[in-house]
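To start, the structure itself, in structure tokens.
The values are calculated or read from the model by the stated rules, or taken from the named source; none is laboratory data. All values derive from a computational prediction rather than experimental measurement. Virtual Cβ from ideal backbone geometry, glycine too; neighbours counted across all protein chains shown. Ligands, DNA and RNA are stripped out before the accessible areas are found, and what is left, the full protein with its side chains, is counted by its heavy atoms. Shrake-Rupley method; radii C 1.70, N 1.55, O 1.52, S 1.80 Å.
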Amino acid sequence: MDFNGSDTIPGPRAEDQLPHTAQSAVKIVIVGGFGVGKTTMVGSVSEIKPLTTEETMTQAGIGVDDNYGSASKTATTVAMDFGRIRITDELVLYLFGTPGQERFWFLWNGLFEGALGAVVLVDTRRLEVSFDVMGRLEERGVPFVVAVNSFPDAPRYPLADLRTALDLSEMIPIVECDVRRRASSRDVLMTLMRFLHSLAMTGSLA
Amino acid sequence: MTPPQRQRRTPAQGTPAQPAAPARKEGEGGNPERLYVVAGPDGERADIDLVTLIVARSPDPPPSATPEQAALLRLCVAPLSVAEVSAYLSLPFSVVTVLITELLTAELVQARSPIVRKALPDRSLLEAVMHGLQRL
Ligand SMILES: Nc1nc2c(ncn2[C@@H]2O[C@H](COP(=O)(O)OP(=O)(O)O)[C@@H](O)[C@H]2O)c(=O)[nH]1
Ligand SMILES: [Mg+2]
């Protein structure tokens, strides 16, 4: 990018600027396999046109010590869609949608750390693609809810069967949604917030 | 038709259920590789989150500002998250954190830290978010 032309950098539209009173932000992460509807969900609830941020990571072989530091490193760019919702004049909510290979998401320092919680979007045609990410969230103690994005040709399992298949405890909410609809996406986020609230009440993450 | 079966995992030993030191994890599944974020000069970086809000202290960049710094200062006339700065400047997050660290040192911007999840979350915060979502 050329930073010399002073007015060439597009910024937020005037109506998208946050008020000066905006003191702090919170974030929620939406995870799930390719094509499950993460970008659609971010877009349907965001008040700004979704944006993309990226991070560059290097990948180095560590199989043997002798090539440490001299191993050819491959740079990998991980991109992240995100949207924004103004909660109050002081508080802003950001929603991040995680594309690409999940092993990269957890290496992006600060993406999950500090997030209020996560939404795991699943597609019942490919349930198993979300297994690994759920396990990683559990390992890190990131609370999550499961949202089943109902594609028309997807198998419909009773929620109880899904709960068993996903090995989720009774307290973790599973909801169906159509993330193309703002109200449906909002309801998923509300489900997560109510779940987090119940955790706050009981003071546990179990 | 039976769905495939998953097995739940438990919090990793020694991994606190709250934001802690950035987790560094090696490639899983016997994949012998290590991934890490490219560090800035000297690895010196302020503790900046994707949703830290950045505000310029003055609307006009000083003449001493580099073009990148000036662009960032112009963007941040109103509070803007680091993620948004990264998106508008088309720069990776880690590069933006380096820029912001310089600007913080020069006292040209202010950083407003995010509210992060704690072991015992703040109920009134969660309620505020719920009210905000209900308005959507
Ligand atoms: N029928 C149906 N289609 C959806 C739904 N959500 C997303 N899609 C479509 O599925 C495709 C992939 O969605 P996208 O959000 O790009 O998935 P991502 O890879 O997870 O970001 C798009 O063409 C969406 O329009 C849904 O709830 N129902
Ligand atoms: Mg996407």
Exercise for the section: For peptide A:142-152, compute the average count of partner chain beta-carbon atoms within 10 Å of each residue's beta-carbon. Expected result: 1
Handout entry: Under the Karplus curve 6.51 cos²θ - 1.76 cosθ + 1.60, θ = phi - 60°, whole-Hz ³J(HN,Hα) for the stretch A:132-144, x wherever Gly or Pro sits
Key = 5, 5, 4, x, 5, 5, 4, 4, 8, x, 8, x, 9
Fill in the blank from the handout: With A:Ile172 itself left out, Lys, Arg at +1 and Asp, Glu at -1 over residues whose Cβ is under 14 Å from its Cβ give +2
Completion exercise
In the stretch B:72-126 the accessible area split gives carbon plus sulfur, as whole percent at 1.4 Å, a share of 56
Handout entry: Karplus-derived HN-Hα couplings along the stretch B:100-107 (A = 6.51, B = -1.76, C = 1.60, θ = phi - 60°), whole Hz, x at Gly and Pro
Key = 5, 4, 4, 5, 5, 4, 7, 6
Problem - Summed residue charge, Cβ within 11 Å of B:Arg135's Cβ, Lys/Arg positive, Asp/Glu negative - result: +1
Completion exercise
Taking placed amide H atoms and a strict 5 Å upper bound, the residues 5 or more places from A:Val122 or on another chain that come that close are A:Ala147, A:Val148, A:Asn149
Completion exercise
Here the whole-number average of other chain Cβ atoms within 10 Å per Cβ of A:26-32 is 3
Fill in the blank from the handout: Result for interface chain B to chain A, accessible surface buried in total, 1.4 Å probe, Å² to 100, stands at 7800
Fill in the blank from the handout: Quick shape check on the stretch A:164-206: root eigenvalues a ≥ b ≥ c of the Cα gyration tensor, a/c under 1.5 is rounded, otherwise prolate if a/b tops b/c, else oblate, and it reads oblate
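Under a Cβ-Cβ cut-off of 13 Å, what is the net charge of the residues other than A:Thr21 that fall near it, where Lys and Arg count +1 and Asp and Glu count -1?
Here the charged neighbours net out to 0.
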Fill in the blank from the handout: Within 10 Å of the Cβ of an average residue in B:88-95, the count of other chain Cβ atoms is 6
Practice task
Give a residue-ordered list of calculated ³J(HN,Hα) values for the stretch B:126-133 (Karplus: 6.51 cos²θ - 1.76 cosθ + 1.60, θ = phi - 60°; whole Hz; x for Gly, Pro).
Solution key: 4, 5, 4, 5, 4, 4, x, 5
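Considering every pair of different Cα atoms, what Kirkwood radius, in Å, is found for the stretch A:75-206?
After inverting the mean inverse Cα-Cα distance, the result is 15.9 Å.
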Exercise for the section: Would you mind telling me the share, in percent, of accessible area of the stretch A:121-193 contributed by carbon and sulfur at probe 1.4 angstrom? Expected result: 53
Exercise for the section: Report which residues of the stretch B:105-119 become buried by 50 Å² or more of accessible surface when going from the isolated chain to the complete set of protein chains (1.4 Å probe; DNA, RNA and ligands ignored). Expected result: B:Arg112, B:Ile115, B:Arg117
Handout entry: For B:Val77, residues with placed amide H under 5 Å, excluding near neighbours
Key = B:Ala56
